[in-house]
Structure formats: C-alpha cells, structure tokens
Amino acid sequence: MQLTPIVDARGLHKHFGALHVLKGVDLRVAERELVFVIGPSGSGKSTLLRCLNRLEEPSSGSVVVDGIDMLDPRTDINHARQRIGMVFQSFNLYPHMTALGNVTLALRKVAGQSRARAEALGHAALERVGLADRAGHTPGQLSGGQQQRVAIARAIALEPRVMLFDEPTSALDPELVGSVLEVMRSLRESGMTMIVVSHEMGFARNAADRVLFMDEGVIVEQGPPAAIFESPAHERTRAFIGQIQRH
Amino acid sequence: MSSWDRFTDTFFNGKVMLRYLPDILSGVVVTIELALLIVVTGIAAGLALALLRSLAIRPLNWLIVFVVDLFRSLPPLVIIVLIYFGLPSVDLSPSGFVSTWLSLALVLMAFSEEIFWAGITSVARGQWEAARSTGLSFGQTLMNVVLPQAFRLTIPPLTNRTIAITKGTALGTVVAVTEILGQASSAMSNSYNPSPLMMGAAAYVVLFLPVVVAGRWIETRFAWKR
C-alpha cells in the first residue's frame, strides 16, 4: 500500500489485570478500505477496535487515526473521536431521546451546530439509513434493525473518516440483519473506510477488501476474503472458518 | 353524654380548635419554611456529592461514603441536639430553626446522594461509551445522557425519602422550634384537650399530600415511550 494509512496502529498491547488480551497487534487501514476482523470470542477483536478510538486505553503501542496521535495526552480526544464513528453490538441508543435526538446530540454539543442545522443534518443522516419517517420515534418504538440503523446514522452524521463496527448484527433477529448490512453496503459504496468485527461471512466475502483472522490476541493471518475463506494458511484459521460455516 | 359526643368533645372540640387555630397556622408556616429549605439544600447537596463521586477520585469517594453512611445511620434527633447544644462550644450558636434545618438537610443529603448514585450507576456502560465515542465529554455525557435516565429511576425513592425526612421537622420541638407539632402539643397542654393535635395531623396531610402527587407527576414527565 503506497498511501499513508488512515488508521495506523502499531505494537498494540492490552492487559486487563493478569489477562493479556492484545499481544502486539499491527493494523494499517487505507482510505476507502473495508477491513473485516474475524476470530473466536475472546480473541481480542473488540478490544482492538475499542483501542482505536481509545474507549479502551492500550497498555502500549501507538494509534494514529487520520494523522492524529490518539494516545498523545495533548490530543483533544473528544475532537478526535468525531472522526471515528462507532457502532455497537447492543446499539446503545439513548432511550430518553427520539431517533432524531440521538442523531443530533453530538452535532449540537460537539460539532457546535445550531439546533436547526443539526436537525437538517440529522434528517439527512436518517434518510441515508432509510429511516426518515422514524425521526420522532424513541428507541423503544423501533425494531432492533431500525435501532441499529439509527445508531449508524448517529455516527455518520458527524461525517467521520473511519467507521468501526463492533458485531453490529449479532444482537439482531436473523430477519433484521439484512437491512443493517444493506446500510453498511451503501456506506461502503460511498467510499467510507470501515473496520468491521463480525461473523457475517457472506457480507465479508462480497464487500470486504481484506479479512483478518485474530486468535489469542494476535493477528494470525490476513488477506483477501477469497484467500482467507477458501485456502487459509493456518490450521487455527481453517478450524475457525470450518466451525462458522457449519452454522 | 354519649360516647360519640365524648369522643368528638375530646378530639374535635370546636371551641378549642378555633382558639388555637392561629397557633397551628403559624406552625404550618414554620414547617413549610423549614421543609422547603431542607428539601432544596438537602437534595442539591446530595446531587452534588453524587456528581463528585462519579469523578471516581478515590480518597474523595472514601470521604463521601463515610459522610453519607454516618448521616444515614445517626438518628436525626441526635444530630439536631449535637448541632444545637454542641456548636456553641466553638462559638457558633445556631437557632433551633437553623439547627433543625442543617441536621435534616444533612440527613436528606446523605440519603439522596445514595439514591442519585444508584441511579447514575444503573445507567448501562454502553450509554457512556456510545456518547463518548461521538466526542461528548465526560460532563456532557453525564448531563445529557446519564442524568436524564438516572433521574427517572430516582424519583420514586427520592419522593419517599424526602417526605420521611421533612416530616422529621417535628423533631425541631426539642430545640424550641415552633413548627406544627410544637404548636399543637403546647396547645394541647394548655387546653387539656388533644384537639389541637388533630389539627396538626390535618395540617401534615394537607402539606404532604401535594408532595406525593407532585412526585407522581414528575415520574410521568420523566417516563419515555417504549
């Protein structure tokens, strides 16, 4: 890759007490790239993602996102996080606010937009995830798939440079997964750089540029989806992919 | 005299009631003043302590927990007596009114801190993470995301606690505060008749029933559609 990577994490280690969750992970992601991270639970995939926007403090290593050193104490972390959208497994929408309220909160409080401007941007973001008609609904009145799409709208409304997805469809009923993947696909087509932790192999196969397989805190192997899924080089990768595809 | 007449003559004696009505009313005014001061300062201080505690500064939290546990376990009467009779030895002479206010405000502070703290910690970690991931600061997350959800849970226990503690204004009688119960019991000894006590009881109901109703109203206001 010739270009400067938009995400450049090097030598990441993370300890939780005696637990060594990340054991020296390097991750470079180019602009407009979609990187898929797979691996058994407890392999450190989510922790890796959460180290990139410093929801988790890495024990050592470096993280540079869009030219900003995320671990430098002088970095305004709240400002830097605007450039990194994150979508969570459990949606984490604010239950006391409408869909529009969820999307506009950071626009008003962090990006400093006026209420009118924030609402215009918020409506546009909801439109992009196909929920323009649900702006006035609270999360409790929306299905899981709709909630996750509002969560995506909340992140993209801030026009991030990178989007992190932490198992975005794992908490959804099977029939609701499609609508969320559809939104992710259109996001990808718009050129968004994305790092996705997920087990949606079908999506990985036809949308990902690169698949990483993680196990026990290290990246075991990586490559184009076809290579990883059809001819994995490592025994552990083969075993994992075999397990997943049996389901 | 029938037994019913005897009963009304003892507990609802019109002449006695009329005579002591002004005293009871002045007691009502004192109780209202005292209760409002206790509620406003006690709850504000309790919220402030809960917010301080959320900053997670360990030695400060130990101090907060110690103070809160202390005032939750001491009988309010003891605190009133300590302040009223104890502070003069350090050249402070609070009136009975001020002593009662301070004591009960401290007790309400302690209980409401625990209630607010429970509300804050009951908000899922994911809410913090989602808000922080969009760039909201700790304070913005607390004010816009966590507290509105926490308040919803705190209102019922806070209403109960507030009523229980403000009824403790009656303890002010021991340090000569002329609130409702103080007025009623001195009227009772002067008239050899417990009717003023019934008036006092009625005054408490009239005072505190609206608080309960207001609590319910706030509860519905903080509810959200699900």
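On the given criteria, is A:Ala227 loosely packed, with under 15 Cβ neighbours inside 10 Å, away from chain B (no Cβ under 14 Å) and either closer than 22 Å to A:Lys14 by Cβ or among the small types (Gly, Ala, Ser) (or both)? So A:Ala227 passes the test.
If I ask for residues that are acidic (Asp, Glu) and part of a loop (DSSP other than H, G, I, E, B), which ones from the stretch A:10-42 would you list? Let's see the steps before the verdict.
Residues of the stretch A:10-42 that are acidic (Asp, Glu), as a first pass: A:26, A:31, A:33.
Of everything in the stretch A:10-42, those that are acidic (Asp, Glu) and part of a loop (DSSP other than H, G, I, E, B) turn out to be A:Glu31, A:Glu33.
In the set (1) out of contact with any helix residue (DSSP H, G or I) (no Cβ under 8 Å at 6 or more places or on another chain); (2) within 18 Å of A:Met184 (Cα to Cα); (3) facing chain B (nearest Cβ under 10 Å), A:Ala124 fails one condition alone, (3). I'd like to know if the stretch B:157-179 contains one or more residues that are crowded, with 21+ Cβ neighbours inside 10 Å, in contact (Cβ under 8 Å) with a residue 12 or more places away in the chain, under 30 Å from A:Thr75 (Cα atoms) and among the β-branched types (Val, Ile, Thr). No, the conditions are met nowhere in the stretch B:157-179.
Residues being more than 30 Å from A:Pro5 (Cβ to Cβ), under 22 Å from the mean Cα position of the chain (by Cα), more than 10 Å from chain B (Cβ to nearest Cβ) and assigned to a helix (DSSP H, G or I) are entirely absent from the stretch A:131-138.
Pick from A:Arg128, A:Arg154: which is crowded, with 20+ Cβ neighbours inside 10 Å and within 27 Å of A:Ser46 (Cβ to Cβ)?
Details: A:Arg128 fails: crowded, with 20+ Cβ neighbours inside 10 Å.
Every option except A:Arg154 fails the conditions.
Checking the structure you have, find out if any residue of the stretch B:182-194 is facing chain A (nearest Cβ under 9 Å) and in a helix (DSSP H, G or I). No, the stretch B:182-194 contains no residue that is facing chain A (nearest Cβ under 9 Å) and in a helix (DSSP H, G or I). Condition (residue is more than 17 Å from the chain's Cα centre (by Cα) and away from every other protein chain (no Cβ under 14 Å)) applied to the stretch A:154-173: is it met by at least one residue? Looking through the stretch A:154-173, at least one residue is more than 17 Å from the chain's Cα centre (by Cα) and away from every other protein chain (no Cβ under 14 Å). Which residues, counting only those in the stretch A:62-88, are facing chain B (nearest Cβ under 9 Å), of a type in the set (Gly, Ala, Ser) and outside any strand (DSSP E or B)? Passing the criteria: only A:Ala80.
For every residue, the table says whether it meets (1) modelled with pLDDT under 95; (2) crowded, with 16+ Cβ neighbours inside 10 Å.
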{"site": "A:Leu3", "(1), (2)": "yes, no"}
{"site": "A:His13", "(1), (2)": "no, yes"}
{"site": "A:Gly17", "(1), (2)": "yes, no"}
{"site": "A:Asp26", "(1), (2)": "no, no"}
{"site": "A:Val29", "(1), (2)": "no, yes"}
{"site": "A:Val37", "(1), (2)": "no, yes"}
{"site": "A:Gly44", "(1), (2)": "yes, yes"}
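Residue by residue, here is whether (1) over 16 Å from B:Ile120 (Cα atoms); (2) at pLDDT below 90 holds:
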position	(1), (2)
B:Ala131	no, no
B:Thr166	yes, yes
B:Val174	yes, yes
B:Asn190	yes, no
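On the stretch given as the stretch B:120-144, residues that are surrounded by 19 or more Cβ atoms within 10 Å (Cβ to Cβ) and either in contact (Cβ under 8 Å) with a residue 60 or more places away in the chain or more than 14 Å from chain A (Cβ to nearest Cβ) (or both) total 2.
Going through the stretch A:89-116 one residue at a time, which ones are under 20 Å from the mean Cα position of the chain (by Cα), surrounded by fewer than 21 Cβ atoms within 10 Å (Cβ to Cβ) and more than 7 Å from chain B (Cβ to nearest Cβ)? A:Gln89, the sole residue that qualifies. The test for being farther than 30 Å from A:Pro160 by Cα, out of contact with any Phe, Trp or Tyr (no Cβ under 7 Å at 6 or more places or on another chain), modelled with pLDDT of 95 or more and surrounded by fewer than 21 Cβ atoms within 10 Å (Cβ to Cβ) holds for B:Asp69.
The values are calculated or read from the model by the stated rules, or taken from the named source; none is laboratory data. This structure is a prediction, so every number in the text was calculated from the model and none was measured. Neighbour counts are summed over all protein chains in view; Cβ atoms, including those assigned to glycine, are modelled from backbone coordinates with ideal geometry.
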